[in-house]
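Notes for the one structure printed next.
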Amino acid sequence: VHTRLRRSVSRAFTPRAMKSWEININRAADELVAAMVERGHAEIVADLAKPLPNRLITMMLAIPQEDRHQFLEWADTINEAAFAPMSLRGMVMNMRSSQAVTAMHRSLGPMIQARRAEPGDDLISMLAAPSGEDTLSDDEVFWTASMLVGAGSETTTNLISGLFLTLAQRPDVYTRLREHPELIPAAIEEQLRLVSPVQGFYRTATRDYRVGDQTIPAGARVLVLYAAANRDPQHYPDPDTFDLDRNPTDHLAFGGGAHYCLGTHLTRIEVSRVLTQ
């Protein structure tokens, strides 16, 4: 099931597909950076790290301009409940999340029907397009689109804000990047390694798996911590230090295998554009 759903959306996130979106990515990044420069001051999260990916993902889904802020509020509410504690507060968070899902479904449902009838070049139209046995149901299109709104915004927000924090703490790195912009791709990869935008995810063991003296039984839920793997001292020397010369192309910040992040190209393009302005 996962493979079928992923196949339906993955064609929208290939390097070739991202190339077609690059003009819009550049325009959004340029506008936000120019506004900060004009003001002469900035709050990085509110003025750049959050609005940039939010603007892009809702634009790719062709959500009407007047509805985009509401969709992002719903996505934030849903994301907050992802690791809700087993407490009264956690119950309230889950209740608010359910209400946000219901409200988003009420809004997205008519859009999905409209795009089936008159498809455009947006992601919802692509997901809803007939594809033989792989054609997605309305519910499958909804859950995929809502996942893209939430996951597509939060992860890049974490990366951009974290990278600017690193540059503030390491003025030597900032100076070197200004003098050598060709190092920007390496800086992005090292930031992904050092402070993984997604710290971990729950997965299900498909078979018994031995770890040291313990065995994880088949069917067990396991919290896979990408952030811990990316700071493994047996793999990365001095792992708690940002090293611009490391260029860790084998980090696990985007996961791996069947669950490898679809938005890797989009994320790298966004952050690279911000840093070259």
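The values are calculated or read from the model by the stated rules, or taken from the named source; none is laboratory data. Quick caveat: nothing in here was measured; it's all calculated off a predicted structure. Glycine gets a Cβ as well: all are built from the backbone with ideal geometry, and neighbour counts include every protein chain shown. Heavy atoms of the whole protein, side chains included, go into the accessibility calculation; ligands, DNA and RNA do not. Shrake-Rupley method; radii C 1.70, N 1.55, O 1.52, S 1.80 Å.
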Legend entry - Qualifying residues in region 82-91 (those that are within 24 Å of V198 (Cβ to Cβ) and out of contact with any Ser or Thr (no Cβ under 9 Å at 6 or more places or on another chain)) - the one surrounded by the fewest Cβ atoms within 10 Å (Cβ to Cβ): M86
Inset, instruction - Would you point out the residue of region 1-41, among those that are open to solvent by 80 Å² or more (accessible area, probe 1.4 Å), hydrophobic (A, V, I, L, M, F, W, C) and farther than 23 Å from T135 by Cα, that is modelled with the lowest pLDDT? - result: I23
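I'd like to verify a number: residues in region 230-249 that are open to solvent by 40 Å² or more (accessible area, probe 1.4 Å) and either within 16 Å of V198 (Cα to Cα) or of a type in the set (S, T, Y) (or both), how many? Step through it out loud before you land on a result.
Step one: list which residues in region 230-249 are open to solvent by 40 Å² or more (accessible area, probe 1.4 Å), which gives 231-235, 237-238, 240-241, 243, 245-247, 249.
Filter once more, so that each one left must be either within 16 Å of V198 (Cα to Cα) or of a type in the set (S, T, Y) (or both): 231, 241, 249.
Residues that pass the stated criteria total 3.
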Legend entry - Candidates V198, V211, filtered to the one that is surrounded by fewer than 14 Cβ atoms within 10 Å (Cβ to Cβ) and either of a type in the set (V, I, T) or in contact with a Ser or Thr (Cβ under 7 Å, 6 or more places away or on another chain) (or both): V211
Legend entry - Options I78, I112: the member that is more than 24 Å from L52 (Cβ to Cβ) and open to solvent by less than 70 Å² (accessible area, probe 1.4 Å): I112
Inset, instruction - Starting from region 202-226, keep only residues that are touching a residue at least 40 places away in the same chain (Cβ under 8 Å), then list their pairs with residues that are hydrophobic (A, V, I, L, M, F, W, C) whose Cβ atoms are within a distance under 7 Å, requiring at least 6 positions of separation or different chains. - result: R203/V222; R203/V224
Inset, instruction - Inspect region 140-153 for any residue being free of Cβ contacts under 8 Å to residues at least 24 places away in the same chain, within 21 Å of R11 (Cα to Cα) and out of contact with any Ser or Thr (no Cβ under 6 Å at 6 or more places or on another chain) and give the result as yes or no. - result: yes
Inset, instruction - State whether one or more residues within region 172-186 are within 13 Å of F254 (Cα to Cα), open to solvent by 90 Å² or more (accessible area, probe 1.4 Å) and out of contact with any Asp or Glu (no Cβ under 6 Å at 6 or more places or on another chain). - result: no
Inset, instruction - Among the numbered conditions (1) over 30 Å from D134 (Cβ atoms); (2) within 25 Å of the chain's Cα centre (by Cα); (3) free of Cβ contacts under 8 Å to residues at least 40 places away in the same chain, tell me where D172 comes up short. - result: (2)
Inset, instruction - Could you tell me whether any residue of region 27-41 is closer than 19 Å to L159 by Cα and outside any helix (DSSP H, G or I)? - result: no
Inset, instruction - Just give me the residues in region 42-73 being outside any loop (DSSP other than H, G, I, E, B), in contact (Cβ under 8 Å) with a residue 40 or more places away in the chain and open to solvent by 40 Å² or more (accessible area, probe 1.4 Å), in sequence order. - result: I44, V45, D67
